[in-house]
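Here the structure is laid out as structure tokens; the discussion comes afterwards.
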Amino acid sequence: MQKKWDQARLKALQSDAGENIESYRDQDQPKALEQFTGKMKALLLADISMLEFMPEYLPLALYGRVQFPPKAKALWSGWLGSGLQPSWDEFKVSVAFNNADLPLVKAVRAQSEEQLIEACAVVYLLDNPMPRGGRHADDDYELRDEDDEDGEDADADYHGGDGEEDDRDMYDEVRF
């Protein structure tokens, strides 16, 4: 039986990695991102146990270093769209790593195959975002109230009240 993705965790890792990657994309220093991801790789190789407390480092270390063959992209899209993780046997033929990155890949695999698969999913999502709006692509879908499709109670959620009777702005009492 296949295991399901932790959609919230994937989204958080993707967000963290995406913010870091964007901050190092610099036209004035085109090598900045490559140098940053290289430093992340070196840090993890020095102490792989860091992943326990900083799982966002692995997608950063692998960014730009994992290749997804064209045929595998359809598989990844399917796995992420369905919410089901690939097995190790499915995973290992759906990605390609540079020889220079194999020591990191092997170290991570020894600690957790699932974490390696998850990090590669995040790397895939960074370059191939899933379309929003579908039930599987929108992980917030299941959190919505069926009666609240048009967002009528969004004001209540924002203010923490029941809605219309609480017209105060949540920032009214903030003092500096």
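The values are calculated or read from the model by the stated rules, or taken from the named source; none is laboratory data. In this text, all values refer to a predicted model and were calculated from it rather than measured experimentally. Because the Cβ atoms are built from the backbone with ideal geometry, glycine has one as well, and the counts that use them run over all protein chains shown. When the accessible area is computed, the model is the full protein with side chains, heavy atoms only, and any ligands, DNA or RNA have been set aside. Shrake-Rupley method; radii C 1.70, N 1.55, O 1.52, S 1.80 Å.
Numbers below:
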quantity: Considering residues of segment 58-107 that are touching a strand residue (DSSP E or B) at 6+ places or on another chain (Cβ under 6 Å) and loosely packed, with under 14 Cβ neighbours inside 10 Å only, the residue nearest to Lys31 (Cα to Cα); calculated: Gln67
quantity: Hits in segment 30-55 - residues which are in contact (Cβ under 8 Å) with a residue 40 or more places away in the chain and open to solvent by less than 50 Å² (accessible area, probe 1.4 Å); calculated: Lys41, Leu44, Ile48, Leu51, Pro55
quantity: Qualifying helices (runs of 4 or more DSSP H) (wholly inside segment 12-105; at least 1 residues being acidic (Asp, Glu) and within 18 Å of Asn128 (Cβ to Cβ)); calculated: 88-92
quantity: Count of segment 108-135 residues which are in a helix (DSSP H, G or I) and either open to solvent by 30 Å² or more (accessible area, probe 1.4 Å) or polar (S, T, N, Q) (or both); calculated: 8
quantity: Every pair of residues 6+ apart whose Cβ atoms lie under 7 Å, when the first sits in segment 82-111 and is aliphatic (A, V, I, L, M) while the second is open to solvent by 50 Å² or more (accessible area, probe 1.4 Å) and assigned to a helix (DSSP H, G or I); calculated: Leu104/Leu45; Ala107/Leu45
